[in-house]
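Data block below; observations after.
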Amino acid sequence: MRRRIIIILILRMLSGDGPTDLQIGAGMEIRDIEIFLTLAEELHFGRAADRLHVSQARVSQAINQQERRLGGALFDRTNRRQICLTPLGRQLRDDLRPVYAGLRDSLERAHLAARGITHVLRVGMLPLNTYDLRPYWGTFRARHPHWQLQIQHASFVDPFAGLRRGDLDMLVCWLPVEEPDLTVGPVLFADPRVLAVAAEHELTRRTSVSLEMLADFQHSDAPSRPDYWAEGFVPSHTRSGHRIERGPLVHNAEEILTLASTGELVNLFPAHMMRYWSRPDIAYLPVNDIDALSYALVWRTETENDLIRALARVAADIGTLAP
C-alpha cells in the first residue's frame, strides 16, 4: 500500500498536481527527484552537480524548494565539507529511491523496445580506467545486436556499491577483488605503473623511480573502499618495510591531480593515465619495481544472467589486450 501511495505521489509530481495537504509535488519535476536522490547518495553538492552535469546552484535551488514544500530540512549542512541526511531526508530517500528506479527503468525499457532493443547490459568503468576497450564492446554489439551495451561512470569511492544497488550489471576494476558476493571474470588488460608528480618536483630529475622512494612523500587516500583493494593500487609499505604515508581524502582523479600539481602529494597510477590525463603541470615517471595493475570484469554472483555471461565470453574469446 505504501509503495502504491508513493507511486501516486511521483505521478502527481510529474504532472505538477501534488496534494496540498502533504505540501509535496506542486511544480516538482522528475529532475528535482533525481537531484535529491543523487545528493542523498553523494552527500556533497559539488560531486552531485558534477554527476548530474548541472551547476551547484541548480542543486541547491532544487533542494531548497523541496524543503520549503515539505516544511522541513532534508539535509544537515552544519559541516561545510560533508552534509548528511536528516531523519526526514532518510525517510524520503528510502521511499523515493525504489519507486523512482522502477519508474525510470520502465520508461527506459519502453523506449528501447520501440527501437527493437530487448535487454540492456550496464557496465561501469572507474574514472581512472580510460583504457581503450573497444574490441570487447564492438564484438559484443556485433554478436548481440538486439542487446544494448551501456558504458557508465563508476566511482573508486565505495567501488562495488553500484553492483550491489543494482545500478550496474558489471564493473571493470583493478584486482584483487575478494568480495564473497562478487564473481571475478576474465582479465581485460594489465598496465604498468607510473607516478604522477608536479612538473617541477624533485623526482623529475630522474628517468624512473622505485617503490622505495614513495616512502618519502605523501600519497592520496579515498573513503569507503576495502583496505585490501586500496593496497592493490598503492601498497601501504615498501618492500623494505617503510610506510607509504596516506594523505588527504580524494573523491576523483581531478582532485588527485590538483594536489599532485601543487606538490602536496605524489600518486601511483596505471600507465594509461599518461595518454588520457596529460597536463602541463603534471609529470608521469615510470615505476620500475612494482607489478602491472590488472583489470577484470566483475559482477554480483546472484545476478549473473545471459547478458553477463555473453560479455564474459567475448572477453575470454578475445583474451587480455596487449599494452
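Can you tell me how many residues within the stretch 219-257 are buried (at least 16 other Cβ atoms within 10 Å of the Cβ), of a type in the set (S, T, N, Q) and either assigned to a helix (DSSP H, G or I) or over 24 Å from the mean Cα position of the chain (by Cα) (or both)?
Within the stretch 219-257, residues that are buried (at least 16 other Cβ atoms within 10 Å of the Cβ), of a type in the set (S, T, N, Q) and either assigned to a helix (DSSP H, G or I) or over 24 Å from the mean Cα position of the chain (by Cα) (or both) number 1.
Need the failing condition index for residue 60 against (1) in a helix (DSSP H, G or I); (2) at pLDDT below 90; (3) surrounded by 12 or more Cβ atoms within 10 Å (Cβ to Cβ), just the number.
Looking at each condition in turn, residue 60 falls short on (2).
Scan the stretch 115-129 and tell me whether some residue there is without any contact (Cβ under 8 Å) to a residue 24 or more places away in the chain, out of contact with any Lys or Arg (no Cβ under 9 Å at 6 or more places or on another chain) and among the polar types (S, T, N, Q).
Narrowing the stretch 115-129 to residues without any contact (Cβ under 8 Å) to a residue 24 or more places away in the chain: 115.
Checking which are out of contact with any Lys or Arg (no Cβ under 9 Å at 6 or more places or on another chain) leaves us with 115.
Then drop every residue that is not among the polar types (S, T, N, Q), which leaves none.
Among the residues of the stretch 115-129, not one is without any contact (Cβ under 8 Å) to a residue 24 or more places away in the chain, out of contact with any Lys or Arg (no Cβ under 9 Å at 6 or more places or on another chain) and among the polar types (S, T, N, Q), which makes the answer no.
Confirm whether residue 111 is over 20 Å from residue 230 (Cβ atoms), touching a residue at least 24 places away in the same chain (Cβ under 8 Å) and surrounded by fewer than 20 Cβ atoms within 10 Å (Cβ to Cβ). Working first, answer last.
On the way: over 20 Å from residue 230 (Cβ atoms): yes; touching a residue at least 24 places away in the same chain (Cβ under 8 Å): no; surrounded by fewer than 20 Cβ atoms within 10 Å (Cβ to Cβ): yes.
Considered against the rule, which asks whether it is over 20 Å from residue 230 (Cβ atoms), touching a residue at least 24 places away in the same chain (Cβ under 8 Å) and surrounded by fewer than 20 Cβ atoms within 10 Å (Cβ to Cβ), residue 111 comes out as no.
Quick one: which of 171, 188, 163 is within 22 Å of residue 105 (Cβ to Cβ), touching a residue at least 24 places away in the same chain (Cβ under 8 Å) and part of a strand (DSSP E or B)?
Details: 188 fails: within 22 Å of residue 105 (Cβ to Cβ); 163 fails: part of a strand (DSSP E or B).
Exactly one residue qualifies, and that residue is 171.
Any idea which of (1) touching a residue at least 24 places away in the same chain (Cβ under 8 Å); (2) outside any helix (DSSP H, G or I) is the one residue 212 doesn't satisfy?
The single condition residue 212 does not satisfy is (2).
For the stretch 104-139, name all the residues that are under 30 Å from residue 323 (Cβ atoms), assigned to a helix (DSSP H, G or I) and either charged (D, E, K, R) or at pLDDT below 85 (or both). Steps first, answer last, please.
If we filter the stretch 104-139 for residues that are under 30 Å from residue 323 (Cβ atoms), which is where we start, we get 121-139.
Filter again for assigned to a helix (DSSP H, G or I), leaving 134-139.
If the condition is that a residue be under 30 Å from residue 323 (Cβ atoms), assigned to a helix (DSSP H, G or I) and either charged (D, E, K, R) or at pLDDT below 85 (or both), then 134 is the only one that fits.
Look at the stretch 139-180 and say how many of its residues are touching a strand residue (DSSP E or B) at 6+ places or on another chain (Cβ under 6 Å) and acidic (Asp, Glu).
1
If we keep just the residues of the stretch 67-89 that are in contact (Cβ under 8 Å) with a residue 40 or more places away in the chain and part of a helix (DSSP H, G or I), which is surrounded by the fewest Cβ atoms within 10 Å (Cβ to Cβ)? Can you show your working first?
Initial filter on the stretch 67-89 (in contact (Cβ under 8 Å) with a residue 40 or more places away in the chain): 69-71, 83-85, 89.
Subsequent filtering for residues that are part of a helix (DSSP H, G or I) retains 69-70, 89.
Details: 69: 19, 70: 15, 89: 23.
Ranking the qualifying residues of the stretch 67-89, first place goes to 70.
Going through 304, 264 one at a time, which residue ends up being of a type outside the set (Gly, Ala, Ser), surrounded by 13 or more Cβ atoms within 10 Å (Cβ to Cβ) and modelled with pLDDT of 95 or more?
Numbers: 264 fails: modelled with pLDDT of 95 or more.
Only one candidate passes the filter, namely 304.
Could you pull out the residue among 101, 40, 142 that is part of a helix (DSSP H, G or I), modelled with pLDDT of 90 or more and either within 21 Å of the chain's Cα centre (by Cα) or over 23 Å from residue 297 (Cα atoms) (or both)? Break it down into steps so the answer makes sense when it comes.
Values: 101 fails: modelled with pLDDT of 90 or more; 142 fails: either within 21 Å of the chain's Cα centre (by Cα) or over 23 Å from residue 297 (Cα atoms) (or both).
That would be 40, the only listed residue that is part of a helix (DSSP H, G or I), modelled with pLDDT of 90 or more and either within 21 Å of the chain's Cα centre (by Cα) or over 23 Å from residue 297 (Cα atoms) (or both).
The values are calculated or read from the model by the stated rules, or taken from the named source; none is laboratory data. Note that this is a predicted model, so its numbers are computed, not measured. As a convention, Cβ positions derive from the backbone with ideal geometry for all residues, glycine included, and neighbour counts pool all protein chains shown.
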